[in-house]
Every structure is written in C-alpha cells, then in structure tokens.
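Accompanying notes for the structure given below.
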Amino acid sequence: MIQLVNVTKYFNTNNGRKYLLKDVSIDIPDGNIGILGRNGAGKSTLMRMLGGIEFPNSGTIYSEHSFSWPLGLGGGFVGNMTGKSNVKFVCNLYGKTKEETKDIVEYVKEFSELGDYFDMPIKTYSSGMKGRLGFGLSLAFDFDYMIIDETLSVGDAKFKKKAKEALKKKIETCNVILVSHEMKTLEEMCHTGLLVHEGELKFFSNIQDGISAYKEINK
Amino acid sequence: MRISQGKSGIIWTFLEPFLQIFIFIYIRIVINEHSGHHISSYSYSAFMASGFIAFNMFRQILSKSMGAFTANKALFSYKQVKPIDTVIARVLVEVFLTSCVICIFIFLGFIFEVDNFIPKNIVMVFIGLVWFVIFSLGVGLLLGIGNFFYMSIGKFMNVISFILLIFSAVFFSLSSLHPTIREILLYSPLVHFMEMIHGFYLYGLDDRYVDYIYMLYWTIIPYIIGFWLYIRLEKRIISQ
C-alpha cells in the first residue's frame, strides 16, 4: 500500500503558487496503477515523489515498498560516459557484484539493440536510443514497483512491441506505476487508475472507470 | 570530466600547468633583469611550481564544485546519489590529477637536477597541501550551493580567481614586499597557505607571516555555513 497523508505540492510560478496536490490524503492499494491526467497536472511530479527524488512541500508519503528510479525519457545518464559505463555505474549504485554487473551489462546490451552505440558516449544518442537503454536497464533490477513515465512510447514499432512484452513478463513478479496518454497501453497493463486533476487525486479500482473520468475532464 | 574527452583531454590536463609555469617563470626572469634585482637565494622554478600547482588545484576545485550540481543533475534520478557526493567526487578527481602533476614535476626535478627542488621540510609541505585541499573543499561546497541558486556567483568568482592569482603570493614571497602591502595581503587566507607551503619548501624562506589560527577560522567557518545551507537546501537541489 502507498499512503499519502496531507500531501501538498506546489510550484511557484509568475502568477503565484500552482498547486499540483492540495492537502491530499489517500490510501492506494497495491496493484498495477495507471496514472491519468492532463499535461501539467502533476503526473510526472507525483512519480518523482514516489521515486524519492522530489519532495512534498508538506505532508508525507509512506510505503514499505521499494520503487525504481522514475523511468522517463532519457534522464539518469551521464552524457560524457558511454552507455556501458552508465550501466556499470548504476549497478555499482545498487551494490551489484562483479559477476552480476557483467550479466546485467550483457543483458542490457542485447535488449536495447544499440549495437556499436553501446560503447559510445550517451550525448551521441537520440532520445529513442536513451529510452531503450534506460528501459533495458530498469528491467535488469528488481523492485516492488516500477515507475514508468511514458517510456513505452519510445522507439520504433518493433521495439515498442518488444518492450511491452518484456514489461508484461516483468509485472508478473512486480507492480508497475505507469504514466501514459495511450489508453490502450493503460488498459493492457494496469488494473487500477489514479487521476490527477486540479490538485486532487482520485483512485479508481477499475482502470476503465478511470479512463471514463479522464475522458470526462477532457471534454 | 576532462579525462573523458579522449587523448587530447589527458595530454592537456598535464601540459597546461607546465606551459603556465614556464610562462610565469619567464616573465619573472624578464622583470627581474629589467629592475636589476639580484638573484634571490631560493630557486624560481621550485618556488613557482610549488605555489602555482597548489593554487591551480584550488582554482580547479572551486570551478568544478560550482558546476557539480548542474552537471550531475541526471544522476539525482537515483535516490542513492546525494548532491554533496558529486562535489566530493569532483574534488577527489582534482586531488588525484594534482598529485599526478606533482609526481611529474618531482620526476623532472630529478632528471634535470633543479636547484633545491627537494623540500626543506617535506612533512610540513604535505600537511600544508592537505590542509589546503580541506580548505578548498569547504569553500567549494559553499560556493557550489551559492552558484546553484545565484548564477552570478560563478561569473564573479571567475573574475576574482584571476585577481587572487596575482595577489596570493604565488609569484613572490611576502618578505620581498613593503610592510603595508604585506599587511593588506595577509587578510587573504590564500596568502597564508602559499606562504606556509613556500616557507617549508624552500631554504631561505620561512613561515614567519603565517597565522595558523586565522587559517583555521577560514577552514572551519565555510564548512559550518556550507553544511548549514546544504542541509536546508539539499531537497531543492535534488528536485530542481
């Protein structure tokens, strides 16, 4: 379970404070959660708060689960280092042994299909390539929750299909929190939905209800 | 990191200090010839090299720690990485590079048998350098945090560091100056560090102008302010 207690999050803009979450208290049961909301509603910020790299202005988020780093488009890599050394670096961060690291490097290299680019600096990558690398890397680690921000939409059709299948296999053993604007992906991957809208969070125990509500506010 | 720029990055990391030192030694010789000064009792090469390498390290530590948060923002995606780690990592890299440069200079000193390139008191020179690193890290952390929120601090420091280079007793010894100027310059902690290193390095010089208590204040106070700010602002640095 993920528990939010009196969580408030705002950003200061030129026209005063913009509230993403306003004194939200909610218990989110475990499961594959699809996050819905319009652009700028605070979906990504919510993900970053769950991942522990952004913090509420007040209130607390409790959970005994482990969360992956928020998997977004291209974040989390050092531009001057090669894809391979970035993978090694993350393995070090998570305290993997030398053998485990070697296996992970092999796995990511194969999964991301980057070929020679795997040994080139990240700054030479296109955003699709970064997405592939990041996605492959996150699959190699075990978390209770995978936090995925739109990454499934990167890459060509073939890779998308492959990524979806890999993720489906992965969520047999872990849960996923997924941000996507593709309703089809959400339906496929998630059971429950969470709608972020005008400073509030609404939980739906059925993703279909969440999607209808989302379509309602988009009218 | 400079090293990761390939071969030319590595070569220039080590070539740069040599070129700079040679230029400064040359300028110093020209000035001395014109003003008709007699040659001092200590050797220029060792004097210049010891001061300049130390000062260069200070300057690099400052500029690297000021860029640390922005440059490593991508790494804050992993909650294991704290902003202060990036500053410490960069300082360690600079210390390592400086140690390499020092080793090369000592090696060259042996080969060309430069006059009194072996320090008078090697232990105290070492202590002076280590203390200087600790001091630089404190100032670097403080300025790093400042620069993250106010970009002007970085720009300002770029200008200041050049002025500091001229007035930090890197190229001259305090004993050669007029007492009034000496007193003014001694307000700068850098002058104390330079005098300490020079004083223990070269025969014919000593640490008579060095105020160790003053240096201690300048070491501790940046750490206190730096850590206080860091604890308050860490979350903002991560999430910005």
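No value in this document is a laboratory result; all are computed from the given coordinates. From a predicted model like this one, the values you see are computed outputs, not experimental measurements. As a convention, Cβ positions derive from the backbone with ideal geometry for all residues, glycine included, and neighbour counts pool all protein chains shown.
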Open item on the list: With a 10 Å cut-off between alpha carbons and a GNM built on chain B, which of B:Tyr212, B:Tyr78, B:Tyr187 moves the most?
Closed with: B:Tyr78
Open item on the list: What do you get for the angle between helix A:98-112 and the principal long axis of chain A? Use alpha-carbon atoms, 0 to 90 degrees, nearest ten.
Closed with: 80
- [ ] Using a cut-off of 13 Å between beta-carbons, work out the net charge of the residues near B:Ile88 (Lys and Arg +1, Asp and Glu -1, B:Ile88 not included).
- [x] +1
Open item on the list: Can you sort B:Ile197, B:Ile166 from fewest to most other Cβ atoms within 10 Å of each residue's own Cβ?
Closed with: B:Ile166, B:Ile197
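Fewest first, what order do B:Trp12, A:Trp69 take by the number of other Cβ atoms within 10 Å? Walk me through the intermediate numbers first.
Details: B:Trp12 13, A:Trp69 28.
So the residues, fewest neighbours to most, are B:Trp12, A:Trp69.
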Task: Net lengthening on full extension, A:Glu110/A:Ser66 (0.36 nm per residue, minus Cα-Cα) - done: 13.2 nm
TODO: Determine the shielding of peptide A:54-66 by partner chains: average, over its residues, the number of Cβ atoms on other chains within 10 angstrom of each Cβ.
DONE: 1
TODO: Report the net charge of residues surrounding A:Met81, where surrounding means a beta-carbon distance below 13 angstrom and charges are Lys +1, Arg +1, Asp -1, Glu -1.
DONE: +3
TODO: Please give the calculated 222 nm ellipticity per residue for chain B, where each DSSP H segment of at least 4 residues contributes -39500 (n - 2.57) and the sum is spread over every residue; nearest 500 deg cm²/dmol?
DONE: -26000 deg cm²/dmol
TODO: For chain B, set up a Gaussian network in which alpha carbons nearer than 10 Å are linked by springs, and say which option among B:Leu142, B:Leu177, B:Leu190 fluctuates the most.
DONE: B:Leu177
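For region A:1-93, what is the relative contact order in percent, using Cα pairs closer than 8 Å and at least 6 residues apart in sequence?
On the way: 107 pairs, mean separation 29.1, N = 93.
It comes to 31 percent, rounded to a whole number.
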Open item on the list: Taking the Kirkwood radius as the inverse of the mean 1/r across Cα pairs, report the Rg/Rh of the protein assembly as shown.
Closed with: 1.10
Open item on the list: Please arrange B:Ser188, B:Ser45 by how many other C-beta atoms lie within 10 Å of their C-beta, fewest to most.
Closed with: B:Ser188, B:Ser45
Task: Degrees separating the helix B:44-71 axis from the principal Cα axis of chain B, which is the longest one - done: 10
Open item on the list: Rounding to the nearest 10 and keeping the result within 0 to 90°, find how far the Cα-based axis of helix A:207-217 lies from the longest principal axis of chain A.
Closed with: 60
Open item on the list: Would region B:47-97 count as rounded, prolate or oblate if I go by the C-alpha gyration tensor, calling it rounded below 1.5 in a/c and otherwise prolate when a/b exceeds b/c, oblate otherwise?
Closed with: prolate
- [ ] Identify the residues of region B:179-208 with backbone N under 17 Å of a label point that sits 7 angstrom from the Cα of B:Lys120 along the Cα-to-Cβ direction, or state none.
- [x] B:192-208
Task: Rounded to 5, percent antiparallel among DSSP beta bridges of the protein assembly as shown - done: 55
- [ ] Between B:Ile166 and A:Lys123, with labels modelled 7 Å along Cα→Cβ, what's the label distance in nm to one decimal, could you check?
- [x] 3.3
TODO: Percent of Cα-Cα pairs per 5 Å bin, from 0 to the last occupied bin, for region A:102-166, please list those.
DONE: 3, 17, 30, 26, 18, 5, 1
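Give the average, rounded to an integer, of partner chain Cβ atoms located within 10 angstrom of each Cβ in A:162-174.
The per-residue average across the peptide is 0.
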Open item on the list: Taking 8 Å as the Cα distance limit and 6 or more residues as the minimum spacing, I'd like the relative contact order of chain B as a percentage.
Closed with: 27
Task: Proximal charge balance of B:Glu234 [Cβ under 15 Å; K/R count +1, D/E count -1] - done: +4
TODO: Could you please tell me the mean projected area of the C-alpha convex hull for chain A, averaged over all directions and given in square nanometres to one decimal?
DONE: 12.8
- [ ] Quote the Stokes-Einstein diffusion coefficient, in whole µm² s⁻¹, for region B:136-240, based on the Kirkwood radius over alpha carbon pairs, a temperature of 10 °C and a viscosity of 1.306 mPa s.
- [x] 103
Open item on the list: Using Cα springs under 10 Å in a Gaussian network model of chain A, which residue among A:Gly42, A:Gly75, A:Gly193 shows the largest mean-square fluctuation?
Closed with: A:Gly75
Open item on the list: When a/c reaches 1.5 or more, the comparison of a/b and b/c decides; with that in mind, is region A:81-198 rounded, prolate or oblate per its Cα gyration tensor?
Closed with: prolate
- [ ] Would you mind calculating the relative contact order of chain A from Cα pairs under 8 angstrom and at least 6 residues apart, reporting the percent as a whole number?
- [x] 28
TODO: For region B:74-195, just say rounded, prolate or oblate: build the C-alpha gyration tensor, square-root its eigenvalues into a ≥ b ≥ c, call rounded for a/c under 1.5, and beyond that prolate if a/b exceeds b/c, oblate if not.
DONE: oblate
